[in-house]
Amino acid sequence: MTARKAPRKLAPFVAVILLAGLFTGSAGAQSTEEELAAAKKALAAADREATAATAVYEKAYGRFILTEEKLNRTRSAITRARARVDRLQTRLAARAREAYVLGGSSTLELLLASDSFSEFSDRVVFLNQIAQDDVDLVLGVGVLSEQLRRHRVDLNQLSRRQAGTVEVLEEKKQEIYAKLEEAQVLRDKLGRKLATELAVASIISASGSTNIIPGAVLEACPGPGTSFVDSWGAPRSGGRRHEGVDMMAGYGTPVYAAQSGTVAHSSSGLGGLTAYVYGDSGDTTMYMHLQGFSDVPAGAHVSAGDLIAFIGDSGNAAGSPHLHFEYHPGGGAAVNPYPYVLAVC
């Protein structure tokens with residue numbers, strides 16, 4: 001699979017600034033420094049706007065999940081209430097048929113037809129019970145019908161709320177991808193300008209690889225140029241809680257190994273195409289919702305910063321391409337990866 005050009009990092013530009021200082025005696029160097037500062041400012045603004053949109057998106061997605069659960073519970077309540085109403089109405093219909101079979105006989109006639117006082121008493125009790133049962137049936141149907149009406153009102157309100165949330169999700173999703181694309185254009189433009197004017201193309205990696213921070217918990221950013229916020233513990237479908245960080249980016253954005261280790265691949269309906277790096281340190285990192293894998297085969301050893309996959313929307317992320325990244329210290333339970341990802345991205 002061919003990798004698209006990866007987003008470049010800002011860190012290499014520090015070296016460029018230092019080199020630019022060697023030429024401060026010339027107007028051209030000063031102009032380049034000013035342009036560099038302006039470009040960095042524009043890039044930082046684009047990144048901030050993408051992050052802000054991502055934060056709104058994550059909150060809206062949490063509301064979407066919680067509302068969806070309420071919708072499902074309300075639909076189930078409506079189904080149960082409708083079934084109970086149907087059962088009570090069937091019993092009322094049966095009572096109506098019984099009354100018809102009795103014909104025009106009045107209650108008094110039924111009592112006077114008793115052969116003994118004991119039978120008379122039994123018939124009084126029986127008729128009272130029938131009357132109470134009829135009242136209970138009618139009241140039951142009324143109460144359940146009102147519950148059913150309220151459930152339907154709730155369903156309509158929840159449906160309208162959900163429709164509004166879906167609109168916000170789509171709006172913010174498009175805003176995120178647009179800002180990320182804007183930031184990438186700025187990175188590319190700045191890189192070309194510096195390579196041309198200062199002849200330091202070697203300082204800015206042409207391969208698009210991510211920076212390496214030896215000795216860090218995570219030594220490389222798994223998704224350079226992505227937008228992400230701390231979404232640990234946020235609501236997810238099926239009553240789950242989020243156990244990773246969602247790094248928003250367009251289809252085909254490169255994914256890099258955050259640590260050195262052995263690569264493995266899998267696929268599921270939830271996480272879609274997934275890559276694992278079983279770290280040399282004993283830690284495990286997971287990369288989900290991928291579009292595809294790089295040429296590195298499963299079972300191969302990779303170094304931190306090696307290209308291993310590409311961002312997509314496989315699994316349950318259809319229409320919202322992003323990298324779901326997880327960090328499992330010692331190969332155990334997942335912990336919040338946000339601070340570690342933030343440190344290297």
Would you check if Asp246 is within 26 Å of Leu71 (Cβ to Cβ), touching a residue at least 60 places away in the same chain (Cβ under 8 Å) and of a type outside the set (A, V, I, L, M, F, W, C)? yes
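Yes or no, residue by residue, for (1) more than 22 Å from the chain's Cα centre (by Cα); (2) closer than 29 Å to Lys172 by Cβ; (3) in contact (Cβ under 8 Å) with a residue 60 or more places away in the chain:
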residue: Gly238; (1), (2), (3): no, yes, no
residue: Tyr251; (1), (2), (3): no, yes, yes
residue: Ser266; (1), (2), (3): no, no, no
residue: Gly272; (1), (2), (3): no, yes, no
residue: Pro297; (1), (2), (3): yes, no, no
residue: Val302; (1), (2), (3): yes, no, no
residue: Gly305; (1), (2), (3): yes, no, yes
All but one of (1) touching a His at 6+ places or on another chain (Cβ under 6 Å); (2) under 17 Å from Ile212 (Cα atoms); (3) not polar (S, T, N, Q) hold for Leu342; state the number of the condition that does not hold. (1)
Can you name every residue in the range 233-261 that is surrounded by 19 or more Cβ atoms within 10 Å (Cβ to Cβ) and charged (D, E, K, R)? Glu243, Asp246
Given the residues Ala183, Ala93, which is the only one that is surrounded by 15 or more Cβ atoms within 10 Å (Cβ to Cβ) and either modelled with pLDDT of 60 or more or assigned by TED's automatic domain parsing to the domain that holds Ser237 (or both)? Ala183
Among (1) assigned to a strand (DSSP E or B); (2) surrounded by fewer than 24 Cβ atoms within 10 Å (Cβ to Cβ), Asp295 falls short only on (1)
Taking the range 52-79, which residues are in contact with a Lys or Arg (Cβ under 9 Å, 6 or more places away or on another chain) and of a type in the set (S, T, N, Q)? Thr54, Thr67, Thr74
Pick from the range 60-86, criterion farther than 16 Å from Arg160 by Cβ and out of contact with any helix residue (DSSP H, G or I) (no Cβ under 9 Å at 6 or more places or on another chain), ranking: surrounded by the most Cβ atoms within 10 Å (Cβ to Cβ): Gly62
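The values are calculated or read from the model by the stated rules, or taken from the named source; none is laboratory data. Because the structure is predicted, anything quoted here is derived from the model rather than measured. Every residue, glycine as well, gets a Cβ built from its backbone with ideal geometry; the counts of neighbours run over all protein chains shown.
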